[in-house]
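I have placed the structure first, in the form of structure tokens, so that the comments after it can refer back to it.
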Amino acid sequence: MTTSDIQSYQDLKVWQEGMNLAEACYQLTIEFPQEELYGMTSQIRRAAVSIPANIAEGYGREYRPEYIKFLRISQGSLKELETHLLLSARAKIRLTDVQLVTPILRQCETVGRLLRALIRSLENKGSRE
């Protein structure tokens, strides 16, 4: 897909992968204890949803510096999500199993790489204009 093929934020691979990541986080947290609904469950879901939501919001701003700003907010939410996932699998807390968190952390790495690449691309475009 080339830049000319992108008609909407929904065409962006980073947004699509962010949505897949958010969905995986919702599936993971379904199994969390009920007493965590307003704790770790809520934190993981909020951070996960924030990633594609900020990509979409930045895209909708139609102003490159704002777009980059929202992509960086997505990066921050991604790191927050990774931290919540790692904490939820720690031995003393053990809300979930490490084997369930590992593939989601790999998805986080993919989304992070895509975010960095998109930011670099947008920054390079700005320096050439």
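Of note:
- Some residue of the range 1-16 being aliphatic (A, V, I, L, M), under 15 Å from Leu114 (Cβ atoms) and crowded, with 17+ Cβ neighbours inside 10 Å: yes
- The set of residues from the range 78-89 being surrounded by fewer than 20 Cβ atoms within 10 Å (Cβ to Cβ) and either within 13 Å of Leu115 (Cβ to Cβ) or among the acidic types (Asp, Glu) (or both) comprises Lys79, Glu80, Glu82.
- Of all residues in the range 36-54, those satisfying the criterion of being under 20 Å from Arg106 (Cα atoms) and either among the hydroxyl-bearing types (Ser, Thr, Tyr) or modelled with pLDDT under 95 (or both) are Thr41, Ser50.
- Verdict on Lys92 being exposed (fewer than 15 other Cβ atoms within 10 Å of the Cβ) and modelled with pLDDT of 95 or more: no
- Among residues of the range 76-101 that are in contact (Cβ under 8 Å) with a residue 24 or more places away in the chain and more than 13 Å from Cys25 (Cβ to Cβ), those with a Cβ under 8 angstrom from a residue that is of a type in the set (A, V, I, L, M) and not in a helix (DSSP H, G or I), sequence gap 6+ or separate chain, pair up as Leu87/Ile93.
- Checking each residue in the range 28-70 for being in a loop (DSSP other than H, G, I, E, B) and touching a residue at least 12 places away in the same chain (Cβ under 8 Å) picks out Glu31, Phe32, Pro33.
- Options Leu100, Leu85; residue that is modelled with pLDDT of 95 or more and over 14 Å from Ala22 (Cβ atoms): Leu100
The values are calculated or read from the model by the stated rules, or taken from the named source; none is laboratory data. No experiment lies behind these values; they were computed from the predicted model shown. In this analysis, Cβ positions are derived from the backbone assuming ideal geometry, glycine residues included, and neighbour counts consider all displayed protein chains.
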